Amino acid sequence: QKEVEQDPGPLSVPEGAIVSLNCTYSNSAFQYFMWYRQYSRKGPELLMYTYSSGNKEDGRFTAQVDKSSKYISLFIRDSQPSDSATYLCAMKSTDKLIFGTGTRLQVFP
Amino acid sequence: DVKVTQSSRYLVKRTGEKVFLECVQDMDHENMFWYRQDPGLGLRLIYFSYDVKMKEKGDIPEGYSVSREKKERFSLILESASTNQTSMYLCASSLHQTGGTEQYFGPGTRLTVT
């Protein structure tokens, strides 16, 4: 079993939709949780990170962590075609990050 | 803006060749990392470094070595390239005090070994 599981998609939604991206994990020692966005032919860029359980909001993006269920989510409100990318969750274990495989999101006009 | 640059975007090498991938960051970050990214497997850590001349093995170091002679530069070396090393290689850097959580990535080098 992988330490971090993420549905690869692709997820295709119309512009304006609310998008929910999710990851599950098995290691209860993870304390930091991150979401990276990767556009085609580019390196990943950090979108959001959170330390504790609960919600963290940044503009149209909300990161949610449920440590009791070992489940994290990223919600995108009012999705735009420019949000089309691969979204990678990542979690910190001791001194390195463990990444999910990424979910490809396509937002069509 | 943090900038992480990688020496090549695309590289084609033959089996058995020695390959050097270079990474440079301009933000005085202590930590630097090399990953490879493959479909269905995500990002896997090859090596990382906390300081000049220091290196630590990641999850898949076999067949690779690294060099960090200057703080801003971290090189990945494939001693004898093989076809199973065909992949996208990503370099990243971070400040020491973030504990590696906020990593800044370069654009990647797509390496093909024939």
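Read-outs throughout are calculated quantities, based only on the coordinates presented, and are distinct from any laboratory measurement. Computed from a prediction, not measured in an experiment: that's the story for all the values here. Heads up, the Cβs are rebuilt from the backbone with ideal geometry, glycines too, and the neighbour counts pull from every protein chain shown.
Before moving on, here are some points about what is shown:
- Candidate set from the range B:20-56 (those that are more than 17 Å from B:SER93 (Cβ to Cβ) and under 12 Å from the mean Cα position of the chain (by Cα)); member that is surrounded by the most Cβ atoms within 10 Å (Cβ to Cβ): B:ARG44
- Applying the condition of being out of contact with any Lys or Arg (no Cβ under 8 Å at 6 or more places or on another chain) and more than 9 Å from every other protein chain (Cβ to nearest Cβ) to the range A:34-50 and asking which residue is surrounded by the most Cβ atoms within 10 Å (Cβ to Cβ) yields A:TRP35.
- Residues being assigned to a strand (DSSP E or B) and surrounded by 14 or more Cβ atoms within 10 Å (Cβ to Cβ) - total across the range A:51-70: 6
- Residues in the range A:1-33 that are under 23 Å from A:SER68 (Cα atoms), part of a loop (DSSP other than H, G, I, E, B) and out of contact with any Lys or Arg (no Cβ under 9 Å at 6 or more places or on another chain): A:GLN1, A:LYS2, A:GLU3, A:ASP7, A:ALA29.
- Count of residues meeting criterion [within 9 Å of A:PHE33 (Cβ to Cβ) and of a type in the set (A, V, I, L, M, F, W, C)] in the range A:49-76: 3
- Every residue from the range B:25-47 that is touching a strand residue (DSSP E or B) at 6+ places or on another chain (Cβ under 6 Å) and on the phi > 0 side of the Ramachandran plot: B:GLY42
- Test for A:SER79: is it small (Gly, Ala, Ser), in contact with an Asp or Glu (Cβ under 9 Å, 6 or more places away or on another chain) and away from chain B (no Cβ under 14 Å): yes
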